[in-house]
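Undergrad: So that we are looking at the same thing, I have put the structure below in structure tokens.
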Amino acid sequence: MIVELISSIFLIIGGVFLLVGSVGLFRLPDFYMRLHAPTKASTLGIGAILVASIIFFSFKEEGINIQEMLITLFIFLTAPITAHMLSKAALHVRLPTEPHTLNRDKVEQIRTRQAEPKD
Amino acid sequence: MKRIKENAIVPSPFTFLLLFIVWLLLTNSYGLGNLLLALFLSIALPWLVRDIRSNTLRVAKPLKTPGYILMLLWDIIVSNVIVAQQVLGAKENLRPGFVAVPLDMREPLPITLLASTISLTPGTVSTEVSEDYSTLYVHALNVPDEQALIQQIKQRYETPLKEIFGC
């Protein structure tokens, strides 16, 4: 009963963060900002759901079940690379940025991988 | 700075341990046969890819890594809540921006770890690194103060990584 309660709480937390990620994907104005929402929601949202899974199945079945840790590990390895490749691709095809983006004039410099000039 | 020893049977103890544990978790069986297979794979796989990972830095202070991972996990939780508020709040208050972070490190492995750390903490994504590894370009969802963000990234993440890798 207690176990079910705790894992339900973690499931709800995870679900809320995944929902916020999807809302962000829908609401935010430009591609670079939209990129933040899903890549981030996955880390904590899926993390909380996996914690719920670990707690629930460790008590329900015999022995501690930590295979879920592998999923976390793979997400932590792949999420930053996905985000990097997506933003790299966005720069490459020159997707528009929000007009009030800070340092908007540096986009060309970033796209061509130049160093920031020292002042 | 220490580089991995190319000719050793176990060039990097961490890769060895990681592969060993991941294999055991993946197969989820802990018999003698599977332990031997895990041992074999965690020696053979690094050997097979030795040309790709040549000249990699070794971890100089391994005891500092758990602290770094815990700090990262905590930061992920805290900033997830902040980003959730920003996403649900008024869009007009957000000031997105590209920020150029000057790097003190010039080694590909620590820079990759720093870039991944930045991408994992919500609100910031590593977009690109300059070809000479001197600047890391970060896109942030909300930049109220550019210098403060640069200082935070350098102090909170780059300094411990420099210590861990001794560079």
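Undergrad: How compact is the protein assembly as shown by the rule of thumb for globular proteins, expressed as Cα Rg over 2.2 N^0.38 Å? Please report the intermediate quantities before stating the final value.
TA: Numbers: Rg = 20.6 Å, N = 286, 2.2 N^0.38 = 18.9 Å.
Compared with the compact-globule rule of thumb, the protein assembly as shown sits at 1.09.
Undergrad: Using unit Cβ charges (K, R positive; D, E negative) and no other charged atoms, how large, in debye to the nearest 20, is the dipole of the stretch A:2-111 about its Cα centre? Intermediate results must be reported in sequence, preceding the final value.
TA: Working: 9 positive and 8 negative charges, 113 e Å.
Roughly 540 debye for the stretch A:2-111.
Undergrad: Would you mind checking which residues have amide H under 5 Å from residue A:65's amide H? H placed 1.01 Å from N; only 5 or more apart, or other chain.
TA: Under 5 Å from the amide H of residue A:65: A:58.
Undergrad: With charges only on Cβ, +1 for K and R and -1 for D and E, what is the dipole size of the protein assembly as shown about its Cα centre, in debye, rounded to 20? Before the final figure, lay out each step's value.
TA: Working: 25 positive and 23 negative charges, 83 e Å.
The dipole of the protein assembly as shown has a size of about 400 debye.
Undergrad: Here's a follow-up. Residue A:113 to residue B:151: FRET efficiency via 1/(1 + (r/R0)^6), r the Cβ-Cβ distance, R0 30 Å, to the nearest 0.05? Walk me through the numbers before you get to the answer.
TA: Working: r = 24 Å, r/R0 = 0.80.
For residue A:113 and residue B:151, the calculated efficiency is 0.80.
Undergrad: Another question, if that's okay. Alpha carbon centre of the stretch B:140-154 versus the stretch A:50-69: separation in Å?
TA: Result: 38 Å between the Cα centres.
Undergrad: Moving on. Is there a quick way to get the dipole size of chain B? I mean about its Cα centre, with the Cβ of Lys and Arg at +1 and of Asp and Glu at -1; what is the value in debye to the nearest 20?
TA: Working: 14 positive and 13 negative charges, 115 e Å.
Its charge dipole is roughly 560 debye.
Undergrad: What's the percent breakdown of Cα-Cα distances in the stretch A:2-111 across 5 Å bins, shortest bin first?
TA: Going from the shortest bin to the longest, the percentages are 2, 11, 16, 17, 15, 12, 9, 7, 5, 3, 2, 0.
Undergrad: Could you tell me which of A:96, A:55, A:26 has its Cα farthest along the dipole of the stretch A:2-111 towards the positive end, charges placed at Cβ (Lys, Arg +1; Asp, Glu -1), taken about the Cα centre?
TA: Of the options given, the answer is A:96.
Undergrad: Let me ask something else. When the Kirkwood hydrodynamic radius is evaluated over all pairs of different C-alpha atoms of the stretch B:2-56, what value in angstrom, to one decimal, is obtained?
TA: Result for the stretch B:2-56, one decimal place: 11.7 Å.
Undergrad: Residues with amide H under 5 Å of residue B:58's amide H, sequence separation 5 or more or different chain, H placed in the peptide plane at 1.01 Å from N; which?
TA: B:2, B:3, B:4
Undergrad: While we're on this one: For the stretch A:27-70, with equal point scatterers placed on the C-alpha atoms only and solvent neglected, what are the log10 I(q)/I(0) values from the Debye formula at q = 0.15, 0.20, 0.21 1/Å, to two decimals?
TA: Listed by q, the Debye log ratios stand at -0.50, -0.65, -0.68.
Undergrad: Could you please tell me the mean projected area of the C-alpha convex hull for chain B, averaged over all directions and given in square nanometres to one decimal? Mind showing how you got there, number by number?
TA: Numbers: hull surface 47.2 nm².
Dividing the Cα hull surface by four gives the mean projection, 11.8 nm².
Where a number appears in this text, it was derived from the coordinates with a stated rule and is not lab data. This structure is a prediction, so every number in the text was calculated from the model and none was measured. Positions of Cβ are backbone-derived with ideal geometry, glycine not excepted, and every protein chain shown enters the neighbour counts.
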